[in-house]
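Shown next, in structure tokens, is the structure this report addresses.
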């Protein structure tokens, strides 16, 4: 079971990034598509890190995202608690990990 992230700050808002999927419509992992000199995931994380105290990336490919986590201390990688349930499983896993009343996805 995941250890929840609890905050005593009532205005605490966390963010969940769903970074899974089979890339069935695009033959490559869309998070790593380059826009200029950065990938989509790098752009998203840089923007979200300015706003949110905690960001959870839900993925089953942790090694692909470790370089991003090393740049931001508020990011945590987690896996689906119930694998194979698609985006809903990722949302559930992220909400359970954050365990706060306000979350952006």
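Some notes on this structure:
- Filter result for the condition that a residue is part of a helix (DSSP H, G or I) and within 18 Å of residue 94 (Cα to Cα), over 16, 41, 55: 41
- In segment 58-72, the residue that is surrounded by the fewest Cβ atoms within 10 Å (Cβ to Cβ) out of those that are in a loop (DSSP other than H, G, I, E, B) and touching a helix residue (DSSP H, G or I) at 6+ places or on another chain (Cβ under 9 Å) is 71.
- Considering residues of segment 20-51 that are modelled with pLDDT of 90 or more and touching a helix residue (DSSP H, G or I) at 6+ places or on another chain (Cβ under 6 Å) only, the residue nearest to residue 72 (Cα to Cα): 45
- For segment 75-105, a residue qualifies if it is closer than 18 Å to residue 44 by Cβ, outside any strand (DSSP E or B) and modelled with pLDDT under 90, and the qualifying residues are 98, 105.
The values are calculated or read from the model by the stated rules, or taken from the named source; none is laboratory data. Fair warning: this is a prediction, and the values are worked out from it, not measured in the lab. Cβ coordinates were reconstructed from backbone atoms using ideal geometry, including for glycine residues, and neighbour counts include every protein chain displayed.
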